[in-house]
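Contents: one structure, followed by commentary.
Only the coordinates and a few stated rules stand behind these numbers; no lab work does. All values derive from a computational prediction rather than experimental measurement. Here the Cβ is made from the backbone with ideal geometry for all residues, glycine too, and neighbour counts use every protein chain on show.
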Amino acid sequence: MKLFDVYPINPINIVKGRGSLVFDDKGTEYLDLYGGHAVISIGHTHPHYVKRLEDQLHQIGFYSNSIEIPLQTELAEKLGHVSGKEDYQLFLCNSGAEANENALKLASFYNGKKKIIAFTKAFHGRTSLAVAATDNPKIVAPVNETENVVFLPWNDEAALEQALKTTRYLRSLSKAFRA
């Protein structure tokens, strides 16, 4: 079986990373400016990060959040404190697509609306609703097509103002995330 190439593949085999640098299998050093998915903002192989992962893996690698996980509670409390959003709830998920999908659903549950404004050439992920709000016909299957998503040109304030005047859209995600 052959891998499905989601993106054009560059002929580089990155084999290790340290801080903001990555190295290929030929020893070539690159400054890692990739800002994509699963990015670790503290850099590659940061000693604290590696130690925490190692310590956790020696205990348990994964378990469902259907039980108490004190580390998650501690994270929620710390994030609430540093963000000044202690009265909000934290939903932990495994991808940006899942975060976008759930944010849109949560806003819809909160305000009862189903229309979404998305912008051309934006990418929101590969889950069903995230794909529907992505302006890329290569990844939008017929099951993802919906009249509930309207695409507007990026940076066109007049088009946005007109759309907001004429249709009831999902507008406020921040209110939906309050406890």
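Quick look at the numbers
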quantity	calculated
Of Lys26/Lys51; Lys78/Lys113; Lys78/Lys121; Lys85/Lys105, those spanning more than 30 Å from alpha-carbon to alpha-carbon	Lys78/Lys113; Lys78/Lys121
Relative exposure of His124, His58, judged by other C-beta atoms within 10 Å (fewest first)	His58, His124
Charge dipole of the chain about the Cα centre (unit charges at C-beta), most positive-ward option of Thr146, Thr134, His46	Thr146
Debye log10 I(q)/I(0) for region 73-128, one point scatterer per Cα, at q = 0.21, 0.24, 0.27, 0.31 Å⁻¹	-0.95, -1.04, -1.09, -1.17
Spherically averaged projected area in nm², based on the convex hull that wraps the Cα atoms of the chain	15.0
Inverse of mean 1/r across different Cα pairs in region 96-176, Kirkwood, Å	13.0
Relative intensity, log₁₀ I(q)/I(0), of region 1-80 from a Debye sum that treats every alpha carbon as a point, q = 0.14, 0.21, 0.23 Å⁻¹	-0.75, -1.11, -1.17
